[in-house]
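Q: Got a structure here, written out as structure tokens. Questions coming.
Any read-out appearing in this document is the output of simple, stated calculations on the displayed coordinates, not a laboratory observation. Bear in mind the structure is a predicted one, so any value in this text is a computation, not a measurement. When we count neighbours, we look across all protein chains shown, and the Cβ atoms used for this are built from the backbone with ideal geometry, even at glycine.
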Amino acid sequence: DYVLRDRMGKPVSLASYRGKPLLVNFIYTGCFQVCPTSSRALGRAVQGMRGRFGDAQFNVVSIGFNQPADSPQALRQFAAQQRIDEPNWEFLSPAPAIVGDLTRAFGFSYAPTPAGFDHIVQVTLVDAEGKIYRQIYGEALDADQLVEPMKQLVTGAPVAQTGAIADILDRVRILCSVYDP
């Protein structure tokens, strides 16, 4: 039931996305490395999924959590810089007062640092009823990580089991951090 603003400043309720699976990620437009990289990776994954499911089967939203800097205009510029122009993908700006509740509801955590934010890198897959179905972690996202769980939501087909979380964590970085050896 959260209401955010789209890139044109118009109010959009997250509840309006019910009826189809929804991919949600959190970004901040002042990020110079991980948010752009993970957004482009999500863009490639979404393009791959469009080939399998079409545009009409799911939606994607990127939410700017650094308020008030992640304004509709800043999100519009970020999307243009990353060359993200998918018909089923919107960039949304929440009011500063709801950012804490919104990020907690999605299991997204972040902490301010002198150079920006440390935050988890995740995409949340929400089912058609608005319930979190799966969290997918890491900046090197690809369509294969999304196809099986999306297939379950779109067609009701069984989901293939993935490897242990330790195996996944060995392969991907899940935190955006200023200090990264």
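Q: Given 37 °C and 0.692 mPa s, compute D for segment 106-150 with the Stokes-Einstein relation, Rh being the Kirkwood radius over Cα pairs; round to the nearest whole µm²/s. Write down the numbers at each step before the final one.
A: Details: Rh = 12.1 Å.
Translational diffusion coefficient: 272 µm²/s.
Q: In addition: How high is the FRET efficiency between Q67 and A15 when r is their beta carbon distance and R₀ equals 22 Å, given to the nearest 0.05?
A: On the way: r = 20 Å, r/R0 = 0.93.
Calculated value: 0.60.
Q: In a GNM of the chain with a 10 Å cut-off on Cα contacts, which of R50, R104, R18 has the highest mean-square fluctuation?
A: R104
Q: Share of Cα-Cα pairs in segment 1-98 beyond 24 Å, in percent?
A: In whole percent, the share of Cα-Cα pairs in segment 1-98 beyond 24 Å is 17.
Q: Please list the non-local residues whose amide H lies under 5 Å from the amide H of V12, H modeled 1.01 Å from N, same-chain partners needing a gap of 5 or more.
A: L4, R5, D6
Q: Determine the principal axes of the Cα atoms in the chain, then give the extent along each, sorted from largest to smallest and rounded to whole angstroms.
A: In descending order, the Cα extents are 43, 41, 29 Å.
Q: Next question. Pairwise over distinct Cα atoms, reciprocal of the mean inverse distance: report the Kirkwood radius of segment 53-139 in Å, one decimal place. Could the numbers behind the result be given before it?
A: Numbers: mean 1/r = 0.0697 Å⁻¹.
After inverting the mean inverse Cα-Cα distance, the result is 14.3 Å.
Q: Another question, then. Report, ordered by chain and residue number, the aspartates and glutamates lying within cross-link reach of K10, taken as a straight Cα distance under 16 Å and ignoring same-chain residues fewer than 8 apart.
A: Within reach: D1, D70, E90.
Q: At a Cα cut-off below 18 Å, give the lysines reachable from K131, other chains included and same-chain residues fewer than 8 away excluded.
A: Of all the lysines, those that pass the test against K131 - Cα under 18 Å, at least 8 places apart if same chain - are K20, K151.
Q: Next question, about the same structure. Go through segment 67-121 and name the chymotrypsin sites (Phe, Trp or Tyr not before Pro) that are in a DSSP coil and have 14 or fewer other Cβ atoms within 10 Å of their Cβ. Walk me through the numbers on the way to the answer.
A: Numbers: sites: F78, W89, F91, F106, F108, Y110, F117; in loops: F106, F108.
Listed in order of number, the matching sites amount to none.
Q: Hey, another quick one. For the chain, what relative contact order do you get, as a whole percent, if you take Cα pairs closer than 8 Å and at least 6 residues apart?
A: Details: 303 pairs, mean separation 50.0, N = 181.
Contact order relative to length: 28 percent.
Q: Taking H placed 1.01 Å from N in the peptide plane, check which residues at least 5 places from W89 or on another chain put their amide H under 5 Å from its amide H.
A: Correct list: V60.
Q: Explain nothing, just compute: Karplus ³J(HN,Hα) = 6.51 cos²θ - 1.76 cosθ + 1.60, θ = phi - 60°, for every residue of segment 113-124 in order, whole Hz, x for Gly and Pro.
A: 10, x, 9, x, 9, 9, 8, 6, 9, 8, 10, 9
Q: Could you pull out every residue, at least 5 positions away or on a different chain, whose amide H is within less than 5 Å of the one on G130? Hs are placed 1.01 Å off N in the peptide plane, and Pro or chain starts have none.
A: G19
Q: Using only the Cα atoms of segment 78-122, each taken as one equal point scatterer with no solvent, compute I(q) by the Debye sum, divide by I(0), and report log10 of the ratio at q = 0.29, 0.30, 0.33 Å⁻¹.
A: The computed values of log10 I(q)/I(0) come out as -1.07, -1.06, -1.07.
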